[in-house]
Amino acid sequence: MNIKNEKMAALPVKKLMLSMGIPMMISMVLQAVYNIVDSAFVSNMAQGGEDALNALTLAFPMQILMVAVGIGTGVGANVLIAKSLGRNDKETADKTAGNAVFLGAAIYIVFLLFGIFGAEIYIDSQTDNAVISQMGTEYLRICCVLSLGMSMFAIYEKTLQAAGHSVCSTIAQILGAVTNIVLDPILIYGLLGCPEMGVKGAAYATVIGQFVSFITALIFHIKFNKAINIKPQDMKPSSAVIGSIYSVGLPAIISQALISIMTYGMNLILSGIGENMVTAYGLYYKIQQFLLFAAFGMRDAITPITAFSYGMGDENRIKDCVKFGHLFTAMIMLAGCTVLEIFAVPFSEIFGLSGETQTLCVSAIHIISIGLVFAGINISFQGIFQAVGSGIGSLAVSVCRQLLFVFPIALIFAHIAGSNYDLNWLLWVVFPIAEVLTAVVAVIIFVKLFAGMRSAASAAKA
């Protein structure tokens, strides 16, 4: 067993989860930087800032979908690689990593074609404003056509994390995010002799940052990731390996993609009450992303550690994974909730909000944030379910918190608010309710799942 495997097998779970989780959290939070930084800069353009902000808001669900497919595929590979390394099955680990690289390239081709042929159709389905449509199409098309850096970084990031090199993946993510932040004002406003490019500049800054992250992660993989050796034959697609990747990865993709569906659906519901509601919700969600992605980062530490322990058959370490996973994720969200409650007004001012839209955004922050601790618990459960091979359990949690308990309640509250606009705050209450109800469902799934695992283990010993 190599040094990295010994670390995964013997280091106390609490210490291991913090050492892996903190870099992963930083990495995931920096993924949220791309969209929110672009939005902050374009909203302060000398001309057309509000239209540009709306354009990026319309493109946002598709960007989330792109990230979802890449990360979900990476998560599936991550779990299979971690399990294989836990069993000292290096051949399967290498084959999985190679097939993941093949899938990353295939994902890019899909979004390349969408960017060329579908970006304009997608943006036009959400707006009749020709200026916003043009800006949104230009931005989304560039992000899709040049998305190779995004799709391949998602693969190499998870490959590094699966073998315990989470610091390397975080450094790669940081370099990409810093590149994006530096290039945004230069390309958007036309500084340092560059032409003023507006929203196209924001898009180019984003994809250049993603390529920086990909190239850095690839270099780290070649130099440091000795536990995995991807050979040309490992990249030959294997239906068995791809099936194993997506047995976990597909629910993870759907889980992330549901964010797009929820955002798009809520935009339609809120638009029936007022455009200010749509703007307020969209901006709140971008602010909230930092906390959600931090929780996703801890989940991505929970998943390989639990998967490795599961592969070893170590029940005590699995219990520690569950305990500390919930504890750390809840602490992250509680701290984040406190910050949001205290600094709600300053956060809303980042995008130049004022008047009724700012009031609505501040109201959303105060109310929706109440459910963040339960959201953290639910996200932790998703990582645990993925690690032990219960992709369906993870998917069920996602469906509950982003669809099943959101849209029916939102439609009822929207009907009430439509009759009395002063009750528009009811729409924000939808989200804490959904998180609490989902937590109840997650506990039920967890109890049944681990009772079944314990029974199976007892039968095997007998």
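What to note about this one:
- Residue match in the stretch 228-249 (condition: surrounded by 22 or more Cβ atoms within 10 Å (Cβ to Cβ) and among the basic types (Lys, Arg)): no
- Residue match in the stretch 274-294 (condition: in contact with an Asp or Glu (Cβ under 9 Å, 6 or more places away or on another chain), surrounded by fewer than 21 Cβ atoms within 10 Å (Cβ to Cβ) and under 30 Å from Ile123 (Cβ atoms)): yes
- Any pair with Cβ under 9 angstrom, 6 or more apart, that starts in the stretch 203-225 at a residue that is touching a residue at least 12 places away in the same chain (Cβ under 8 Å) and β-branched (Val, Ile, Thr) and ends at one that is buried (at least 20 other Cβ atoms within 10 Å of the Cβ) and part of a loop (DSSP other than H, G, I, E, B): Thr206/Leu146; Val207/Leu146; Val207/Ser147; Ile208/Leu146
- If you check Gly389, Gly452, Gly418 for being surrounded by fewer than 22 Cβ atoms within 10 Å (Cβ to Cβ), outside any helix (DSSP H, G or I) and not basic (Lys, Arg), only one passes: Gly389.
- Enumeration of residues in the stretch 109-147 that are of a type outside the set (A, V, I, L, M), part of a helix (DSSP H, G or I) and crowded, with 23+ Cβ neighbours inside 10 Å: Phe111, Gly136, Tyr139, Cys143, Cys144
- Where a residue in the stretch 379-390 is under 9 Å from Val248 (Cβ atoms) and its partner, wherever it lies, is in a helix (DSSP H, G or I) and among the charged types (D, E, K, R), with Cβ under 9 Å and at least six apart: Gln386/Arg299; Ala387/Lys83; Gly389/Lys83
- Residue satisfying condition, being crowded, with 19+ Cβ neighbours inside 10 Å and in a helix (DSSP H, G or I), within set Ala82, Ala9, Ala105: Ala82
- Residue tally, condition closer than 11 Å to Asn99 by Cβ, among the charged types (D, E, K, R) and part of a loop (DSSP other than H, G, I, E, B), over the stretch 227-251: 1
- Among residues of the stretch 148-201 being among the acidic types (Asp, Glu) and in a helix (DSSP H, G or I), the one that is nearest to Pro23 (Cα to Cα) is Glu157.
- Within the stretch 111-164, considering residues that are of a type in the set (Gly, Ala, Ser) and within 30 Å of Arg87 (Cβ to Cβ), the one nearest to the chain's Cα centre (by Cα): Ala154
- Any chance Ala163 is modelled with pLDDT under 95, farther than 21 Å from Phe293 by Cβ and not β-branched (Val, Ile, Thr): yes
- Some residue of the stretch 313-328 being surrounded by fewer than 22 Cβ atoms within 10 Å (Cβ to Cβ), within 30 Å of Ser363 (Cβ to Cβ) and β-branched (Val, Ile, Thr): no
Results for (1) farther than 18 Å from Glu435 by Cα; (2) modelled with pLDDT of 90 or more; (3) not in a helix (DSSP H, G or I), shown as yes or no for each residue.
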{"residue": "Met277", "(1), (2), (3)": "yes, no, no"}
{"residue": "Leu283", "(1), (2), (3)": "yes, no, no"}
{"residue": "Gln289", "(1), (2), (3)": "no, no, no"}
{"residue": "Asp300", "(1), (2), (3)": "yes, no, no"}
{"residue": "Cys337", "(1), (2), (3)": "no, yes, no"}
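- Candidate set: the stretch 93-109, residues that are among the β-branched types (Val, Ile, Thr) and in contact (Cβ under 8 Å) with a residue 24 or more places away in the chain; chosen: the one farthest from Leu140 (Cα to Cα): Thr96
The values are calculated or read from the model by the stated rules, or taken from the named source; none is laboratory data. These numbers come from a predicted model, not from an experiment. When we count neighbours, we look across all protein chains shown, and the Cβ atoms used for this are built from the backbone with ideal geometry, even at glycine.
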